[in-house]
Amino acid sequence: MKKILFLFSMFLFFSQANVFSQDSDDGEPKKEKSAYSKAGESDVPSSKRPNAGDASKIADLDNTDPEGRKKNADILKYGLEDEILDLLKTMDEKKDVRFVNEAYDLYEESKSPAVKVQVMNFFKTLEDPCLEDYAIMILNDPYDESLDTVNMAFAYVGDLKTSAAIPAVENILEGDNEKYYESALKALGKIGGSDEAMYLTEYFENNDLSLAQKQTLVKTLGSLHASETYDKLVEMAQNEDENTFIRMYASEAIGQIAANDASKKDDGISVLTDLFEDRDPNLRTYVVKGLSNFSGSEVEKTIIQALKDNHAKVRLEAIAAVKKMQLSTAVPYLVYRSKNDPDASVKKACYPVIAEMNTAEGNEFLVSQITATKKVGDDTKAKIATALLEFNHAGTSEILALAAEVLGDDRRKPLRYALGKEFAKYGRSEYEEICKQYIASKDVSTQGTGLDIYAKARYASITPSVQSLADKADPNSKNRNANAIKAARILGIDWENKKEEAPADAK
């Protein structure tokens, strides 16, 4: 009987040992797979063409770039790689939806990884899911692709919220290939839900992660907004022996989660307001990030205190919180910071938030800086004008008067150009007269800026002046008039194919 028991116990021992040896190549027992894991191969979605661009956006782009239609389509089809990459970057910046089909065809045809990455980035910016099938195919088998290509696929499925990619992303994470770790986590944070949050919480506990990896993982937990991880994040944030960055990201995550879970709202506010008393300015900065998800008197008091913090980074985050929370009661503090803050970046950050809040006190202050004749430099005036024109609540007449003033003073050309650039963004009817003055300028750059303003709004009263200028675009002249050419292009005139006129006495 003893012999039988001995043999049975040895059988169990070797059976267990055999299980571990099968699970791990290096002799170490493999960690048990999470019950929340969905790791595997993702199903590839059906292929689809790009979405059609918005008609008004296309018309606006044609107005400001009338020659772009044919020229850019030709570059995408026939251009060199560097030319195509430059154009794709410009299209991405402008969200140029005129060439979505050409860009899609280029992705399918091109053999250049760099071009493919840039095309995918373009469609990511447009939030167009037409390349989801390609992105998932890359993530299903990333190991023969360039790192740039794989990282772009992660970014694309993340921004497009492509939940179908979850199995492939988790499969890559479980492959322990460190070069993909951060991008994979960021993607999972955007496309995952509660299951993925629990999966990452277990991943945090059960894997030997570097400090940097832990920091990224904690930040990802916040973006998932999963209440199931709240207690663990509070534990991290309150632990003074924990790494500062983990505490920072945990604090931000507490705010993100508690703001979306009514049962945790009061506790989240309490935890974060207590943490704001910590001596570490980095932690206080992220506490403000967390608190910006809430409202209420206790939160507002803490944000106001943050506006008076000794550290500029905390003040800057508090300004961002005021904007996010639309906290108009903070405007007097922003006005004070604009006048007196020792850090120029803090002053600069205040201007657009004050303009957006649209309070009597704030508008009066900003307009007073535009009209001030002393102490306020032109660089500051330009920044304030940018803020006022963006939100368009106050100051337009004063800014137009300032522009007319600097048009007559060549010592102030930088401000003249800066104001003109802002007028060209919006094409508002009240800019018609100043546009005329810019175009009438003898300074080439000023006149060119005036044409940019005109191209946005197409003021009827100014069209004859633009036409007169366009008539000077002579393809036969050795000294090309750049603004005449620009005017012709804006009006859609094929100036390059003008026939050379015969001299009057040739008959």
_Label point distance in nm, THR371-ASP443, each placed 7 Å from Cα along Cα→Cβ_ = 2.5
*How far is it, in nm, from the label point at THR90 to the one at LYS301 when both lie 7 Å from their Cα along the line to the Cβ?*
5.6
_Long-range lysine pairs (8 or more apart or interchain), the range 206-337, Cα under 14 Å_ = 7
*Which order do peptides 147-158, 360-371 fall in by mean Cβ count within 10 Å, highest first?*
147-158, 360-371
_Difference of contour (0.36 nm per residue) and Cα-Cα distance, GLN467 to ARG69_ = 141.1 nm
_Run the reach check for LYS413 against aspartates and glutamates, Cα to Cα strictly under 13 Å, same-chain hits fewer than 8 apart removed. What comes back?_
ASP378, ASP379, GLU405, ASP443
*Extending each Cα 7 Å along its Cβ direction at GLU83 and ASP266, get the distance between those two points in nm, one decimal.*
6.8
_Rounded tilt (10° steps) of 378-391 against the dominant C-alpha axis of the chain_ = 70
*When the Cα centres of the range 279-357 and the range 70-147 are compared, how far apart do they sit, in Å?*
40
*How many percent of the accessible area of the chain is carbon or sulfur, using a 1.4 Å probe?*
47
*Say R0 is 41 Å: what FRET efficiency, to the nearest 0.05, do ASP409 and ASP141 get from their beta-carbon distance?*
0.05
*Stretched out fully, how many nm does the piece from ASP62 to GLU242 gain, at 0.36 nm a residue minus the Cα gap?*
59.3 nm
*For n ≥ 4 DSSP H runs only, could you compute -39500 (n - 2.57) per run for the chain, divide by its residues and tell me the 222 nm figure to the nearest 500?*
-21000 deg cm²/dmol
*Name the aspartates and glutamates eligible as straight-distance cross-link partners of LYS478: C-alpha to C-alpha under 14 Å, and not fewer than 8 places from it in the same chain.*
GLU496, GLU500
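Note down the Stokes-Einstein diffusion coefficient of the chain in µm²/s, whole number, using a Kirkwood radius over alpha carbon pairs, 25 °C, and 0.890 mPa s.
So the translational diffusion coefficient is about 89 µm²/s.
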*asked:* Between the range 397-426 and the range 35-65, what is the separation of their alpha carbon centroids in Å?
replied: 39
*Which angle between 0 and 90 degrees, to the nearest 10, do you get for helix 81-94 versus the longest principal axis of the chain when only C-alpha atoms count?*
90
_Taking 27 Å as the cut-off for C-alpha to C-alpha distance, list the pairs among LYS71/LYS436; LYS94/LYS348; LYS77/LYS190; LYS425/LYS486 that go past it._
LYS71/LYS436; LYS77/LYS190
*asked:* Can you give me the Kirkwood hydrodynamic radius for the range 349-506, using every pair of distinct Cα atoms, in Å to one decimal?
replied: 17.0
_Nearest-0.05 FRET efficiency for ALA35 and GLU390, computed from C-beta distance (R0 51 Å)_ = 0.55
*Consider all pairwise Cα distances in the range 178-238 and report the whole-number % of them above 15 Å.*
44
*Accessible surface, the range 349-445, averaged per residue in Å² (probe 1.4 Å)*: 48
*Tell me, in nm to one decimal, what length is gained between GLU205 and ASP474 on full extension, where the rule is 0.36 nm per residue of separation less the Cα-Cα distance?*
89.6 nm
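The values are calculated or read from the model by the stated rules, or taken from the named source; none is laboratory data. Here the structure is a predicted model, which is why all the values come from computation and not from measurement. Note: ideal-geometry Cβ built from the backbone for every residue, glycine included; neighbour counts use all protein chains shown. We work out accessible area using only protein heavy atoms, side chains counted, and drop any ligands, DNA or RNA first. Shrake-Rupley method; radii C 1.70, N 1.55, O 1.52, S 1.80 Å.
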